[in-house]
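A short worksheet on the structure shown next.
None of the figures in this text is laboratory data; all of them are computed from the coordinates on show. It should be emphasised that the depicted structure is a prediction, and the values quoted were computed from it without experimental measurement. We place every Cβ from the backbone using ideal geometry, glycine too, and count neighbours over all the protein chains shown.
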Amino acid sequence: MWGMAVASITRYKAGWRAQVARDGIRRSKVFETKREAQDWAARQEYLIKNAEKEASAQPFGDVLIRYAREVSPTKRGERWEVLRLKSIAADRLGQVRLRDLTATSLADWRDRRLREVSPSTVRREMNLLGAVLTRARKEWGLLSINPIEDVRRPTEPPPRDRLPTQDEIERLAHVAGDDLSTAQGRTFHAFRFACETAMRAGEIASLEWDRIDLKARVARLPMTKNGHARDVPLSSDAVALLEALPKMSPVFGLTPRQIDALWRKVRGKAAVEGLRFHDSRAFALTRLSAKVDALTLAKISGHRDLSILLNAYYRETAADIAKKLG
């Protein structure tokens, strides 16, 4: 019966087999004497019965570090996860013992973080804590409930609505220059390419020539931010941008860190306020939304949630739709 221990000691060849079953856990071992088998069985019954109680005495920070050590290395976002988990483990939340970890203590951490970082960052960190607690409950047997399920997440901020103007693009182009043998020139060239394809900076930086079919006008991304591969259709302008590049590996000869640093440098010299490299993605998707339906746009962008596309990029009014109806 679930919750009750069932131990049996049976004769086995030249020894004694001890078997213990409790709470769905089964253990078995052979000993030379019956007394050894009985002692081992009694100890196993105690350990199984008190496993959660003993484990719950450890600090939450220990569980966070275990997750960083065992689980995070299997993910593409390992570096960010490990840094965040170590930081939270060093926070006073990490000192709370598992048995004392409640929705209230997690909500206190949330409110303190909201005074330091944006709501979207806190939501992301809460998703990470949720993954840790789910692993601790389902696979490690350290918890019977997941307290973060009762903690309200910060409201999702409205989608960013910053798009480059034609004047800003011209100023950026002037500062960056048209010499594609320079990293600065290729950085703005990468921004223009992103405005055509909706590709992220990291995806552009990792692009290799053997993943591009200029004839079919397709770029193959074997791994993206959401963990899935996707094929990106290339406009004729995107192809022209690629063909203008000097041959190097990777295609743009830039790392994500270089793109970030050089973009800030060019933006500052061009006196363009608040425009991020990533805003090129919204620029591209907004333009494409006028040409293709939501399902096609999702295939291009890699979005798994159509509601994000519908809310952020499809801006047709009722009057616009009425014209299409005839």
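The table below lists the values:
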{"quantity": "Answer label for Cα extents along the principal axes in Å (calculated), chosen among (1) 47, 46, 37; (2) 65, 47, 39; (3) 86, 49, 45", "calculated": "(3)"}
{"quantity": "Karplus-derived 3J(HN,Hα), 6.51/-1.76/1.60, for each residue of the range 211-217, Hz, glycine and proline x", "calculated": "9, 10, 10, 5, 5, 7, 6"}
{"quantity": "Efficiency of FRET between ARG17 and ALA90 - r from beta-carbon atoms, R0 51 angstrom, step 0.05", "calculated": "0.60"}
{"quantity": "Extension gain from GLN38 to MET248, taking 0.36 nm per residue of separation minus the Cα-Cα distance", "calculated": "68.6 nm"}
{"quantity": "Relative contact order, percent, the chain [alpha-carbon distance under 8 Å, six or more residues apart]", "calculated": "12"}
{"quantity": "Full-stretch length increase - ARG76, TRP140 - with 0.36 nm per residue and alpha-carbon distance subtracted", "calculated": "20.8 nm"}
{"quantity": "5 angstrom amide H check on ARG153, placed H, neighbours 5+ away", "calculated": "none"}
{"quantity": "Inter-site label distance for ALA229 and ARG69 at 7 Å from Cα along Cβ, in nm", "calculated": "3.5"}
{"quantity": "Peptides ranked, highest mean first, by Cβ atoms within 10 Å: ranges 272-279, 56-63", "calculated": "56-63, 272-279"}
{"quantity": "Fewest-first ranking of ARG11, ARG192, using other Cβ atoms within 10 Å as the exposure measure", "calculated": "ARG11, ARG192"}
{"quantity": "Residue-averaged 222 nm ellipticity for the chain, from DSSP H runs of 4+ at -39500 (n - 2.57), nearest 500", "calculated": "-15000 deg cm²/dmol"}
